[in-house]
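Since the structure comes first, as structure tokens, the remarks are kept for the end.
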Ligand code: PHE
């Protein structure tokens, strides 16, 4: 019996070293020190031991129980520690690894140009006036001196909504009468940035949607000289002091007289190249003195008030400035294009 006790102790101690996780430890405990474990079972066979050996047997049982319990506690602590160390090692941060560059967002080239233009006109005292993309026919055409049969209203060019008389503005000029009706009879100096829509074939040179920035000044002594001065200063600040500008007579139903403004070509410096089609000049905007009919629709007496207006396309201007050859890049969402201007 004493022999058997020794064998159990040796085997149990040995088995304990093979228990490498909490489950195995629990199993070992059940088989060894638990109520039905072999140490317990053997100790119950007390009666089989001869009278003189009993005290020794009892002593040994207790010694073995204590020793195995202690070995179990130590092993449990070690397994727990190993488990935690394993977790730490698996999760370890290698501080010598190179960092990961966070991806940085950037502003769209149209936004950049819009902001630069807004800033320049802002410095000159123009406030931003927000007007809606969806307007009635009157704001987009009729009150801008384009009667129903006017060729500029060609169905081909306009996106109509299902609601009669309601359409997507084809130009930011649609906001002119809105601003006038809000401000009159006070003087006005506003710019109207926004998206415009035209029902056209999409090509390298024309998109169905594009931005415009409209400018509108109304007051009691505004002349064409103010228009020229304002736009010339804008062009110098935007394109550089050494750029030349010129005004060419033109036609718009809502301005009289009307003009288009050119800047000397920034690619060839006016010598003539592919970009300026050998003219040396690039057209950047349309402008003119607000037509008396438009002033009246806005609530201003054209015998007392005058004003000027202009409209430019930021995408077009960006194309000229950065030599972008295809307007479709602007809404193509190709990062390789967009990232170049950040
Ligand atoms: N609305 C005109 C266009 O879209 C531009 C313009 C605006 C011309 C204001 C004159 C005055 O082409």
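Only the coordinates and a few stated rules stand behind these numbers; no lab work does. The shown structure was predicted, so the numbers you read here are calculated from the model rather than taken from an experiment. So basically every Cβ, Gly included, is an ideal-geometry build from the backbone, and we count neighbours across all protein chains shown.
Annotations for the structure displayed:
- The alpha carbon centroids of the range 114-150 and the range 157-215 are separated by 6 Å.
- Applying 0.36 nm per residue to the separation of residue 205 and residue 304 and subtracting their alpha-carbon distance, the gain on full extension is 31.5 nm.
- Between 0 and 90°, nearest 10: helix 2-18 axis offset from the chain longest Cα axis: 10
- Within a Gaussian network of the chain (alpha carbon springs, distance under 10 Å), most fluctuating of 292, 132, 55: 55
- In the range 207-294, Cα pairs under 8 Å separated by at least six residues give a relative contact order of 23 percent.
- Where labels lie 7 Å past Cα in the beta-carbon direction, separation of residue 278 and residue 101 in nm: 4.4
- The convex hull of the Cα atoms of the range 2-90, projected and averaged over all directions, covers 5.7 nm².
- Overall, the anisotropy analysis places the chain in the prolate class: the square-rooted eigenvalues a ≥ b ≥ c of its C-alpha gyration tensor yield a/c not less than 1.5, with a/b exceeding b/c.
- Residue 335-residue 241 FRET efficiency (beta carbon distance; Förster radius 35 Å; 0.05 resolution): 0.55
- Dividing the mean sequence gap of close Cα pairs (under 8 Å, 6+ apart) by how many residues the range 109-341 holds gives a relative contact order of 22 percent.
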